[in-house]
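Scroll down for the structure; my scribbles are underneath it.
The values are calculated or read from the model by the stated rules, or taken from the named source; none is laboratory data. Because the structure is predicted, anything quoted here is derived from the model rather than measured. Every residue, glycine as well, gets a Cβ built from its backbone with ideal geometry; the counts of neighbours run over all protein chains shown. Protein only, heavy atoms only, side chains kept; ligands, DNA and RNA dropped before computing areas. Shrake-Rupley method; radii C 1.70, N 1.55, O 1.52, S 1.80 Å.
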Amino acid sequence: MKVQIGNQILEIKACTNFHSRCLGMMGKKKKSAVGFYFPKCKSLHTFFMRQNIDIIMVNQNNQIVAFYPNAKPWHIFYSKKAYACYEFSTEILNTVSIGDSIIFI
């Protein structure tokens, strides 16, 4: 599955079952070109992460309502306005602004 954020097209993996939602990027040492999408999710944790990540939270219209760049391990990130979350390895995203839309391709 691919998404467009601004002028950038990125590959993502939808995390829809318990196992994939629980793991996400947890335990991965290498930076990944593939991001993770968590539908119906208002918060993410970075427990057991081995790298910093970029977190994007969107509303039901897929507009960005929160952006946490370079999120460190062992933290919880939450947005009351969020409907879904994305996580990416750092340095993958070019420019992200609150209010931008994410488009599924």
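State which residue is modelled with the highest pLDDT when the search covers only segment 26-41 and only residues that are aliphatic (A, V, I, L, M) and part of a loop (DSSP other than H, G, I, E, B). Step through it out loud before you land on a result.
Our first condition is that a residue be aliphatic (A, V, I, L, M); within segment 26-41, this holds for 26, 33-34.
From what's left, part of a loop (DSSP other than H, G, I, E, B): 26, 33.
On the way: Met26: 70, Ala33: 84.
For segment 26-41, the residue satisfying everything is Ala33.
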Evaluate segment 12-31: report whether one residue or more is closer than 16 Å to Ile103 by Cβ, buried (at least 16 other Cβ atoms within 10 Å of the Cβ) and touching a residue at least 60 places away in the same chain (Cβ under 8 Å).
-> yes
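Out of Tyr68, Tyr37, report the one residue that is out of contact with any Cys (no Cβ under 9 Å at 6 or more places or on another chain), of a type in the set (Ser, Thr, Tyr) and at negative phi.
On the way: Tyr37 fails: out of contact with any Cys (no Cβ under 9 Å at 6 or more places or on another chain).
Being out of contact with any Cys (no Cβ under 9 Å at 6 or more places or on another chain), of a type in the set (Ser, Thr, Tyr) and at negative phi holds for just one of Tyr68, Tyr37, which is Tyr68.
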Number of positions in segment 42-95 that are open to solvent by 50 Å² or more (accessible area, probe 1.4 Å) and outside any strand (DSSP E or B) = 15
